[in-house]
Each structure stands twice: as C-alpha cells, then as structure tokens.
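*Asks:* Handing you this structure, nothing more for now.
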Amino acid sequence: MDDLFKYKTRHSKKEDKRKKIEICKASKREKNQRLPGIRTHTSPNKLCEAIKKMTTTQRNIVRRMGFGKILKLKVDEIKSVLGHFVVDRLDTKNMVIRLGEQTIKVDKDSVRKLLGLPCGGIRVNIDNKEACKHPLISRWRGRLSRSIISCKDLVDKISEYEDEDEEMFQLDFVMLFISTMVGYTMNGIAMYTLLYMFDMDHAFKEHGWCQFIINAVKVCKNHWRRCDKNSWFRGPLTFLVLA
C-alpha cells in the first residue's frame, strides 16, 4: 500500500505540473491573441552591438557629428507587443500617443530631448533617385562586397575601422543609425541614397535629424495596417516606445 501511495503521489505531482504547464501555455496564447505583436525591421540591436565595439577615437567622431547621446543607448530590444500597443495609439493628425486621458507629444523637441539629435535647418532628403550615381556613394559601396547592404555588414565595417577612414566610418554610422532608429527601410536594408548630401560643405550637425524622424513616424504609421499580419511598421519604433 505504501508503494502504491508513493506511486500515486508521484503521479499526482507530475499531473499537477503538466496541468500548470498547459494553463501557462493557454494563458500565453490568450494574451497573444489579445495583444498582437508588431512586425518591424527597425530594431536597435545592431546599433547597440556597434556601439559596444567602438574605439575611443570612433566615439569622439560620433560626438563631433552631434550624435553623442546615442552612445548611451542601452535598449537593444523592443518587445513586439509593446511596439504594437504604442504604434496603435499613435495619432498622426495631432502627433501624440494617446494613453487614456493622457497624451505624449511626438515632435521635434521630444526627439531632441530623448535622443539628443541635431535639429539643423538642412532637410535630410531620401527621395533623390539619381543620388545612387554620386561618386561618394560609389566609393562607399565599393568597400562592401555585397550588392545588398545589411546592418550586419555595417557593424562589421565599423569594427574594422582604421584612423585614415574617418569619412567612411561617418557614413557607415549614419547608415546604421538610419536603418535601426529611423526606418524607411525594406527588409532591414540600409537606404544609402541620402549619402550624397554629406559630400558638401555641411557638417552633420547642420541637418534636421529631429524633423527627419518625425517625418518617418508620420509616413510609416500611415502605411501600417494594424489588422494585417503581413504589414510591417518601418518607422522609428525605438523612439516611439521610449518617448
């Protein structure tokens, strides 16, 4: 009888454990159904990886460019459910995130305060299709062996940096920043058509990076379809979640 009791006790514990696991799984399924996750390519993961690998010289260059606060970025992942929640409550007509009776402003000032980006007067333009023929872009792309440039390629180049390649490092960093923190990307590919802008006598600080992010927020939210599982949000998700 004792052996039988021990067997039943062990069997009962295993059954209780199995039931608890099933309940947890069911709870997670129910939660996922209530709060869908968002699909996005603008993850801060690769930018954080690059920052960790930067040398002191590289960090000083980033500060001179006006992106010094980005070096303090510690968030390397955005939960998809949280991302969906925030984007779903973004009102692009009034540029606020609505949280019940409270609202969070989404404007140039909020970008500047959170990310510390320059708010210069020169517009950051990604619409110049002829820019891909620019000599600077040809030289920059010539360093990369792939025709399609990924964020991983940019991280690899940043880690291979040599002192005489300061200009190329600046372009690598800007492309990685845009791909991970701004958006306008397809399949996570860096959009390099705006590189031609930096072959002029204008410092990176003179460009309107804050407005660039706000423009991306508007465009990408308006193209996002909340009930479509195949719809990707291609905008500044990290900024919106941290705002």
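*Asks:* So if I check each of 46, 74, 53, 69, which one is in contact with a helix residue (DSSP H, G or I) (Cβ under 8 Å, 6 or more places away or on another chain) and modelled with pLDDT of 95 or more?
*Replies:* 69
*Asks:* Just a yes or no: is a residue in segment 47-64 closer than 27 Å to residue 174 by Cβ, touching a Lys or Arg at 6+ places or on another chain (Cβ under 7 Å) and not in a loop (DSSP other than H, G, I, E, B)?
*Replies:* no
*Asks:* Considering only segment 65-109, how many residues are assigned to a loop (DSSP other than H, G, I, E, B) and either of a type outside the set (A, V, I, L, M, F, W, C) or on the phi < 0 side of the Ramachandran plot (or both)?
*Replies:* Count: 17.
*Asks:* Show me the helices (runs of 4 or more DSSP H) found entirely inside segment 131-243 where at least 1 residues are at pLDDT below 80 and more than 19 Å from residue 75 (Cβ to Cβ).
*Replies:* By residue number, 135-142.
Residue-by-condition table, conditions (1) over 26 Å from residue 60 (Cβ atoms); (2) in contact (Cβ under 8 Å) with a residue 24 or more places away in the chain:
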position: 71; (1), (2): no, no
position: 74; (1), (2): no, yes
position: 77; (1), (2): yes, yes
position: 80; (1), (2): yes, yes
position: 93; (1), (2): yes, no
position: 108; (1), (2): yes, yes
position: 113; (1), (2): no, no
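The values are calculated or read from the model by the stated rules, or taken from the named source; none is laboratory data. The model shown is predicted, which means the values in this text are computed figures rather than measured ones. Ideal geometry is used to build each Cβ from the backbone, glycine not excepted, and the neighbour counts take in all protein chains shown.
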